[in-house]
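The values are calculated or read from the model by the stated rules, or taken from the named source; none is laboratory data. All values reported here derive from a predicted model rather than from experimental measurement. Cβ coordinates were reconstructed from backbone atoms using ideal geometry, including for glycine residues, and neighbour counts include every protein chain displayed.
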């Protein structure tokens, strides 16, 4: 076996392999089909070349040369056909040339076994049986090998000049492969015409295969990767099926003495479903393995994404849409990352959702944005490196390089523009495939379609969201104002209620003593009643009126502004002693024969720190209540010390008590106990409200305790013990303003 | 006329009070002049030159709206050189520290809280003020 035989065999194997891969890849694309034909023609030529080289006799050598010529005479026309379909050239002229090329090729075919094509074989140089060219062979060289190939080459060069990006690189490699292949092949022709040059270039024909293979990997020419995956799966399945079959035969032979025994048939019933289950499992495992470790492209992910694109149109919710896009792309294409960035108010692109590792939240690269807007096409990082390498001007080179660097920075392998109405509303950023594979041309076509549909859908969703939010803000504003109005109206309602309570109480409070005064007055006037007897009653009435007015005035002051406390050191026992004496003289106390007493304390009652005038008012009020609401029995005042910090003053009566349902209202303004009116009809319902305010204003607290109706009540309040808080008191303070004041300075 | 005869202008709108105090002041040898019209009161103060004026603060306007016309009178008197030395005693049922302060600043001779005072206390105060203003 000589060197030429080996080179032919290499040519045969490589071209067959490549053809097969491309054939399995995609039969629908005409560029792939024609490429398969070309590979087939090269294979036929190479394999018979090999057989011719190893043949030992003249007849078989002649037969093989005629057979190899069948391959070689179709190589030019298939080549041209492939080039035209790859370049997508479909003009009339090219179609006619292609048509004529086929006619000519078939004419040559019909003469291939005649001496017009190959005269015979002769010994020349090292070859024992080299063919001699017939007249038609010369025409073939001129028309097909030069003309058709040349026409293809011219078209490639023309397209190369006007193409951009990936296509440009693909064309470059095809041209390169063409020249290598056909020049290498052409070195065979010299010996046909007795020119004594050996076909040394024949071996480099196989280089065209490697060049194209390289282009397929690097520039996604013909998309070979998916094919390789399929081959792997098919091979795996075939190996399994075959292995299983042989294993069974061995098993049957070993256990039952043959495949055709009864036991074997019966066992088959069990084995058949087992095989099906295993087959399914193996298929899945192979696919998973291939996806994970060999080729990432999922079997039918393109279908999945196409389906998603259709589905997208049905959504209006922005979150849903973006989740769908991100999740589907990442999952089906098996990417390490997928995310969507949307334009914000500042014109940057803010992360909306990202799935996968990420540390970028904002995209604000003007170059990237401009580039996406200009090309409106998916931007592939790896292509940028190539663009940069092959740029003519320095600026272009730097720009491509910067873009590349930026994509590295944001860990993006692919950026898809979302363009609506010439505006870039967002960017879909994709990471790499987990397998490390590059994106195929079909991936990118698909993603291009996706990004267009996604752009429209997202824009719609954004507008919808905007409208929704506008509606929401409007609703919020309305709610807010409604709330405001409601609050105001509630406040007004409260004021009205207060006013009417006030009027009711006031009129009652004032009218009662007035009616008493009037009654006695008229009786005196008519001589029915003695004046000296009536006077104390009239005076009592007057006092009540004065007290009521004072109470309301105090309440008014408390409402209008914080009651100002003027604390000083106070001897509270002196105040209480005096008040108790006063209360004993009250008409009620006398009528009911109430015992009012102060339990002498077991400790020295300390001075306290309070506004003594106001606290006097509190004690007086509590004592009044005790007198008013106790029919019979006693009222006891007693002191307690709380942690030496507070003095607690308790007033315990044996009166009507407080009903449990009245508890919450005890210290409320204008409220009176359920059982209060019958005992003391003239209460204003404001005394305890004021008392509470005063006690709290002095840093103490007021509480009450009652065992229930007619079981008495104890009111207690605390005031801070005097501990050098301020100046010494000169004695009992008279906080009441003088009823008469003379301004000497003004006289 | 003896030195003992004094003249008072009683500016008040409440008939019961006017009648009551007319009797009381006349018993004390006062010439008792009264009005509830602020402008008339001013004219009277100028023409009669009383020894003192008892001034209510809340005096309704002729159309019966509540107004604190007493203050207007006080300001007018104190701004009139001919009568500014006549002591004006405010006699009111208002009892806030603010009102007291206001009266003092406007130049009132005294402040009497109407509700809590007996007629005796009122005449005593008036006499005291007159005594001091003469002295």
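Conditions (1) crowded, with 21+ Cβ neighbours inside 10 Å; (2) at pLDDT 90 or above; (3) over 26 Å from residue A:160 (Cα atoms), marked per residue:
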site: A:25; (1), (2), (3): yes, no, no
site: A:33; (1), (2), (3): no, no, no
site: A:45; (1), (2), (3): yes, yes, yes
site: A:68; (1), (2), (3): yes, yes, yes
site: A:77; (1), (2), (3): yes, yes, no
site: A:86; (1), (2), (3): yes, no, no
site: A:95; (1), (2), (3): no, yes, no
site: A:106; (1), (2), (3): no, yes, yes
site: A:116; (1), (2), (3): no, no, yes
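Among the residues of the stretch A:370-401, how many are under 18 Å from residue A:348 (Cα atoms) and either surrounded by fewer than 16 Cβ atoms within 10 Å (Cβ to Cβ) or outside the structural domain of residue A:427 (by TED's automatic domain parsing) (or both)?
Within the stretch A:370-401, residues that are under 18 Å from residue A:348 (Cα atoms) and either surrounded by fewer than 16 Cβ atoms within 10 Å (Cβ to Cβ) or outside the structural domain of residue A:427 (by TED's automatic domain parsing) (or both) number 4.
Does the stretch B:80-102 contain any residue that is under 14 Å from the mean Cα position of the chain (by Cα), over 19 Å from residue B:17 (Cβ atoms), within 12 Å of chain A (Cβ to nearest Cβ) and crowded, with 17+ Cβ neighbours inside 10 Å? Don't jump to the end; show me each part of the working.
Of the residues in the stretch B:80-102, the ones under 14 Å from the mean Cα position of the chain (by Cα) are B:83-93.
Pick out the ones that are also over 19 Å from residue B:17 (Cβ atoms) and you get B:83-87.
In the following step, the residues that additionally are within 12 Å of chain A (Cβ to nearest Cβ) were identified as B:84-87.
Within this subset, residues satisfying the condition of being crowded, with 17+ Cβ neighbours inside 10 Å are B:86-87.
Yes, the conditions are met somewhere in the stretch B:80-102.
Give me a count of the residues in the stretch A:139-164 that are over 18 Å from residue A:96 (Cβ atoms), over 56 Å from the mean Cα position of the chain (by Cα) and surrounded by 14 or more Cβ atoms within 10 Å (Cβ to Cβ).
Total meeting the criteria: 5.
May I ask you to list the residues in the stretch B:103-119 that are more than 7 Å from chain A (Cβ to nearest Cβ) and at pLDDT 90 or above?
Within the stretch B:103-119, B:103, B:105, B:106 meet the criteria.
Test residue A:634 against the criterion of being in contact (Cβ under 8 Å) with a residue 40 or more places away in the chain, within 18 Å of residue A:577 (Cα to Cα) and in the same structural domain as residue A:568 (by TED's automatic domain parsing), and give yes or no.
yes
Considering (1) modelled with pLDDT under 85; (2) in contact with a helix residue (DSSP H, G or I) (Cβ under 9 Å, 6 or more places away or on another chain), say which one residue A:12 fails and leave the rest.
(1)
Given (1) touching a helix residue (DSSP H, G or I) at 6+ places or on another chain (Cβ under 7 Å); (2) within 11 Å of another protein chain (Cβ to nearest Cβ); (3) surrounded by 17 or more Cβ atoms within 10 Å (Cβ to Cβ), identify the lone condition not met by residue B:123.
So the condition that residue B:123 fails would be (2).
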